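The values are calculated or read from the model by the stated rules, or taken from the named source; none is laboratory data. On a predicted model such as this, the values are computed, not experimentally measured, just so you know. Here the Cβ is made from the backbone with ideal geometry for all residues, glycine too, and neighbour counts use every protein chain on show.
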Amino acid sequence: MRKYLKASHPAHPETRGLGGLKPIEPAARREGMPLLGDDQVYVMKYGREYHTAWCQVVADKWAHAPRGLLVTLLADVGVRTRCLECERALTSAGASSAQEYHLQPRPSPASPPPDAVIPLRVVGTAHGILFLAAAAEFQDRLREAAVEPATPLLVDGRRAGMVVRVDAARDEPLLVVQLDPRAAFRDGPYQVRLRRPLQRSATKPYAVESVESAPWA
């Protein structure tokens, strides 16, 4: 009887007419957090929007009601509209690969993050892990950066891995990146872009927005 009543329960009024949800498994998970793959987006169980980035709305949903955060294909969002915060992030990135970026906060023009781009060099690879180091003059800034969920490694504009952490305990801090097994490893110069943290509980003044392959000098 309960099963019958549950199956016949009317749709939530806020999502009626938006199209049925078709949840799928995310491309990956890190500490339980769903990470998007190609053509995947976040949706809320009773939401009217879809999200192409780990914006503040998605982060708050994960923090307070994680079961209501789902992943689906962009083609299956129905008539749901794109989240405005995600739209701002994609517009500011100015490229299709911006779907892999975090939402960029909007700090005051008077206080932009210093050394927002830090050059990096490859110091080693092992078992699909890439280790990147900064020059001596940038090492303190790298130590002040945190890594938040779904931070991409981009090579020629395409996602080639996921940033795992900043190993700040070493004399020479290292940026640790998990390489995508489907992507070809590229040796050469890289760079890390910094921004203000998205998480209100952040203990460091900066966060890693993305790591990118850099042009050869």
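Taking only pairs six or more apart or across chains, which ones have beta-carbon atoms under 9 Å, a first residue in the stretch 179-190 that is under 10 Å from VAL155 (Cβ atoms), and a second residue that is of a type in the set (Gly, Ala, Ser) and part of a loop (DSSP other than H, G, I, E, B)?
Correct list of pairs: LEU179/GLY128; ASP180/GLY128; GLY188/ALA214; TYR190/ALA214.
Do we have GLY68 as farther than 27 Å from VAL208 by Cβ, modelled with pLDDT of 85 or more and surrounded by 14 or more Cβ atoms within 10 Å (Cβ to Cβ) here?
Judged against the criteria, GLY68 is not a match.
For the stretch 42-56, which residues satisfy the criterion of being of a type in the set (Phe, Trp, Tyr), surrounded by 22 or more Cβ atoms within 10 Å (Cβ to Cβ) and in a loop (DSSP other than H, G, I, E, B)?
If the condition is that a residue be of a type in the set (Phe, Trp, Tyr), surrounded by 22 or more Cβ atoms within 10 Å (Cβ to Cβ) and in a loop (DSSP other than H, G, I, E, B), then TRP54 is the only one that fits.
Tell me which residues, restricted to the stretch 150-169, are out of contact with any Pro (no Cβ under 9 Å at 6 or more places or on another chain), crowded, with 18+ Cβ neighbours inside 10 Å and not aliphatic (A, V, I, L, M).
Hits for the stretch 150-169 are THR151, PRO152.
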